[in-house]
1. How many residues, within region A:41-73, are among the β-branched types (Val, Ile, Thr), assigned to a helix (DSSP H, G or I) and within 21 Å of B:Leu26 (Cβ to Cβ)?
2. Of all residues in region B:91-108 being at the interface with chain A (Cβ under 7 Å from one of its Cβ atoms) and outside any helix (DSSP H, G or I), which is nearest to A:Val97 (Cα to Cα)?
3. Given the criterion within 11 Å of another protein chain (Cβ to nearest Cβ), of a type outside the set (Phe, Trp, Tyr) and within 13 Å of DNA strand C (Cβ to nearest atom), identify the matching residue among B:Leu17, B:Leu27.
4. Scan region A:74-90 for residues that are open to solvent by 30 Å² or more (accessible area, probe 1.4 Å) and outside any loop (DSSP other than H, G, I, E, B) and jot them down.
5. Does B:Val19 meet the test of being touching a strand residue (DSSP E or B) at 6+ places or on another chain (Cβ under 9 Å), within 20 Å of A:Thr16 (Cα to Cα), within 16 Å of DNA strand D (Cβ to nearest atom) and of a type in the set (A, V, I, L, M)?
6. Check region A:135-157 and report whether any residue there is modelled with pLDDT of 95 or more and assigned to a loop (DSSP other than H, G, I, E, B).
7. Which ones in region B:1-16 are in a helix (DSSP H, G or I) and away from DNA strand D (no atom under 13 Å from the Cβ)?
8. Which residue pairs have Cβ atoms under 7 Å apart, sit 6 or more places apart or on different chains, and have a first residue in region B:51-78 that is free of Cβ contacts under 8 Å to residues at least 40 places away in the same chain and more than 7 Å from DNA strand C (Cβ to nearest atom) and a second that is among the small types (Gly, Ala, Ser) and assigned to a strand (DSSP E or B)?
There are 2 protein chains.
Amino acid sequence: MRWEELDQQPCSLSRTLAVVGDRWTLLVLRDCFLGVRRFDEFEKRLGVTRHVLADRLKKLVEYGVLAKVPYQQRPLREEYRLTERGLELHSVMLALVSWGDRHMADERGAPIRHIHKGCGQVMRPVTVCSECGEPVAARDVQIEVGDGWQDATGELIPPRLARQAGNQDR
Amino acid sequence: MRWEELDQQPCSLSRTLAVVGDRWTLLVLRDCFLGVRRFDEFEKRLGVTRHVLADRLKKLVEYGVLAKVPYQQRPLREEYRLTERGLELHSVMLALVSWGDRHMADERGAPIRHIHKGCGQVMRPVTVCSECGEPVAARDVQIEVGDGWQDATGELIPPRLARQAGNQDR
DNA sequence: TCTAATCAGTTCCAAAAAAGAACCGATAAG
DNA sequence: CTTATCGGTTCTTTTTTGGAACTGATTAGA
């Protein structure tokens with residue numbers, strides 16, 4: 001498989017990674033969530049080359065994650081804003097940040113705190129089941145092939161399904 | 001900023017991306033969560049080059065996300081297994097898959113279903129606040145600089161903080 | 001015994017992507 | 001008239017991938 005075919009894979013993770021799965025995109029989006037909107041501000045903050053930045057922003061606009069919004073005429077200047085689709089990546093960001101806080105932080109602790117406006121407290125994100133509301137960890141989930149699955153290569157059936165009841169640890 | 005300096009940034013997202021933020025790593029991890037453990041099986045399923053695969057697996061072992069476990073002697077063969085630290089990336093995977101299900105799926109719907117063992121239902125992941133248990137979306141969160149923050153360049157203060165009460169949409 | 005197969009890589013070369021710097025075009029400011 | 005701002009594009013060099021072949025320890029089969 002080549003990287004460009006990623007968005008045609010029968011796997012939602014692959015398809016999401018086709019949008020955000022390269023070196024700089026998630027950092028661009030982090031800054032979007034921090035309120036950055038303009039080309040030169042992204043550049044200053046990220047230190048990415050202008051070339052790559054322009055490319056990533058274009059891709060994010062194509063996928064509907066960001067939208068270009070004019071903020072002045074003459075000369076026309078546009079800024080990049082998260083769309084609803086982009087805002088929905090927030091839980092991805094929270095999950096990534098939370099893992100980093102737990103496993104990659106130094107002595108000083110988390111660099112950024114998230115305050116939940118609803119309750120006013122400093123929060124961590126917790127992933128729960130949509131059906132019963134209980135927290136969900138890796139071992140609490142079983143995987144099943146759904147309707148969108150198609151076995152293109154004949155070999156993609158996940159080993160854990162093939163193995164059936166073989167649920168030792170992974 | 002260069003990619004290699006990413007894990008020294010005062011940002012948990014950067015540091016997480018230093019581990020999982022390149023082109024193939026999250027796909028390798030997806031397969032780990034599906035039960036794949038051996039080099040040649042990763043290769044067959046991902047279609048990544050052996051060169052890159054070897055590199056990514058080595059990095060994941062160095063960061064403690066995977067562990068090499070011998071499964072036979074003579075010749076010595078080792079397989080890759082998720083550590084606890086690796087298993088904790090599950091909520092990242094769920095968040096990415098869920099976004100893909102919502103925004104990148106075709107007519108056939110989600111390729112894979114997640115069954116919550118606790119309640120037996122097909123589930124979606126929901127991100128809630130650790131303090132009050134309410135669901136959290138992007139607009140429900142305010143960001144605050146924490147102890148781990150250090151302003152190396154003098155310019156990294158997030159615009160949303162600088163702007164203070166300027167909470168129009170992002 | 002000879003040959004092929006398995007598995008987990010490594011090595012080599014060509015192609016693609018990223019880094020770094022300079023340039024461009026419209027406009028405004030001094 | 002010159003410089004600055006903003007949002008890019010173009011150019012060259014370096015790094016990373018893609019693709020294929022090779023390695024080394026061992027087992028299986030003819």
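The values are calculated or read from the model by the stated rules, or taken from the named source; none is laboratory data. Not measured: the values here are computed from a predicted model. Every residue, glycine among them, receives a Cβ derived from its backbone with ideal geometry; neighbour counts consider all protein chains shown. What goes into the accessible areas is simple: the full protein's heavy atoms, side chains included, and nothing from ligands, DNA or RNA. Shrake-Rupley method; radii C 1.70, N 1.55, O 1.52, S 1.80 Å.
1. Residues flagged as among the β-branched types (Val, Ile, Thr), assigned to a helix (DSSP H, G or I) and within 21 Å of B:Leu26 (Cβ to Cβ) within region A:41-73 amount to 1.
2. B:Met104
3. Checking each option against the conditions leaves just B:Leu17.
4. Within region A:74-90, A:Arg77, A:Glu78, A:Arg81, A:Glu84, A:Arg85 meet the criteria.
5. Spelling it out, it is not the case that B:Val19 is touching a strand residue (DSSP E or B) at 6+ places or on another chain (Cβ under 9 Å), within 20 Å of A:Thr16 (Cα to Cα), within 16 Å of DNA strand D (Cβ to nearest atom) and of a type in the set (A, V, I, L, M).
6. yes
7. Within region B:1-16, B:Asp7, B:Gln8, B:Ser12, B:Leu13, B:Ser14, B:Arg15, B:Thr16 qualify.
8. B:Val61/B:Ala67
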